[in-house]
1. Confirm whether ALA115 is away from ligand 1 (no atom under 16 Å from the Cβ), more than 30 Å from PRO8 (Cα to Cα), in contact with a helix residue (DSSP H, G or I) (Cβ under 7 Å, 6 or more places away or on another chain) and outside any helix (DSSP H, G or I).
2. Cβ contacts < 8 Å: first residue of a type in the set (A, V, I, L, M), restricted to the range 107-123; second residue exposed (fewer than 13 other Cβ atoms within 10 Å of the Cβ), any location; separation 6+ or different chain. Result?
3. For PHE135, indicate whether it is under 19 Å from GLU97 (Cα atoms), of a type outside the set (Gly, Ala, Ser) and surrounded by 14 or more Cβ atoms within 10 Å (Cβ to Cβ).
4. Please list, ordered by residue number, the helices (runs of 4 or more DSSP H) wholly in the range 7-83 having 2 or more residues that are within 16 Å of ligand 2 (Cβ to nearest atom) and in contact with a Phe, Trp or Tyr (Cβ under 7 Å, 6 or more places away or on another chain).
5. If you scan the range 278-299, which residues turn out to be small (Gly, Ala, Ser) and crowded, with 21+ Cβ neighbours inside 10 Å?
6. Tally the residues that are exposed (fewer than 13 other Cβ atoms within 10 Å of the Cβ) and in a loop (DSSP other than H, G, I, E, B), restricting the search to the range 151-177.
7. Which residue out of ALA42, ALA56 is small (Gly, Ala, Ser) and over 21 Å from GLU248 (Cβ atoms)?
8. Of everything in the range 202-240, what is within 17 Å of CYS261 (Cβ to Cβ) and charged (D, E, K, R)? Give them in sequence order.
Amino acid sequence: MAAHEASPGVVASLCRKLKEPTTSLQQKYRVLFSLRNIKGDASHAAMLQGLEDESALFRHEVAFCLGQRQDPAAIQTLESILRDTAEHPMVRHEAGEALGAIGSPACIPPLRDHAADGCLEVAQTCQLALQRIEFLEGHEPCDPGAPQRYLSVDPTPPAPAATPTPALAATLLDDGARIFDRYRALFALRDRGGEEALEALAGAFASSSALLKHEVAYVLGQMQDARAVACLKRVLGDAGEAAMVRHEAAEALGAIADRACLALLQQYTEDAEPIVADSCIVALDMLEFEQSGGFQYADDGAVAT
Ligand SMILES: [Fe+2]
Ligand SMILES: [Fe+2]
């Protein structure tokens, strides 16, 4: 979704909603998605307020949105999040990924400093981000011949569109391959879609990398293909799985919006892991939105009367 202009009144109203203690998590998510799509310093400043939120899930989403906007004004904030080892690893991971998405030279030193971070997911994220920046120095961000169906700024480019599906599947499923190449295969499979691609993506949940698995769940949500529901339900229901993976599985189920997921999402709003419980609350709101046939998951910023 391309960024647009909005009146200062709308941004101020969204910012107020974000800070009000009575605003629910799901309402805050809608506010954040609106702010993300509004150009300018005021919306940027309002998003930074969201980093004060008590929910680690919400803070990670703010960091993600800052990366998607690719506004260099966010670099300093993202760098301090990445360097803050007391912050939740999922928020630090998202800050590292966001630095990679912005991709300017100022993003490189903090990413280098944390490429061997004590938290594996943070370290791998920084390695990916550095490789993305390096790759884009010599290439176009996307294959000019490939149709761009998904508008996200991805942590890596997709593998070349001409790569056969079995070769993409083999790379994705190879625990010994470079994570950068596995990510490239993953995005190429997402872009291709269809049964075979879905099967390969579902197979990647057997991988040992939580980072890779969380991205697989994320792209399954983007694809919004109901054939992925069964494997996403299994991932969400697996208490032994990493919270970041279960989180993306919950939100993917919300995005696919199959009514068969309602009971499961409701059940896990009580999960012992707050990241998972909060994700299910947000997912139920997304599901309701998708089912209502709405135009854009966001808050229009209208001032309540
Ligand atoms: Fe992530
Ligand atoms: Fe996430």
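The values are calculated or read from the model by the stated rules, or taken from the named source; none is laboratory data. All values derive from a computational prediction rather than experimental measurement. Cβ placement follows ideal geometry from the backbone for every residue including glycine, while neighbour counts extend to all protein chains displayed.
1. Judged against the criteria, ALA115 is a match.
2. Going by the 8 Å Cβ cut-off, the qualifying pairs are ALA123/ALA116.
3. Yes: the conditions hold for PHE135.
4. The helices (runs of 4 or more DSSP H) meeting that bar are 25-36.
5. SER279, ALA283
6. Of the residues in the range 151-177, 6 are exposed (fewer than 13 other Cβ atoms within 10 Å of the Cβ) and in a loop (DSSP other than H, G, I, E, B).
7. From the options ALA42, ALA56, the qualifying one is ALA42.
8. ASP225, ARG227, LYS233, ARG234, ASP238 - these are the residues of the range 202-240 that are within 17 Å of CYS261 (Cβ to Cβ) and charged (D, E, K, R).
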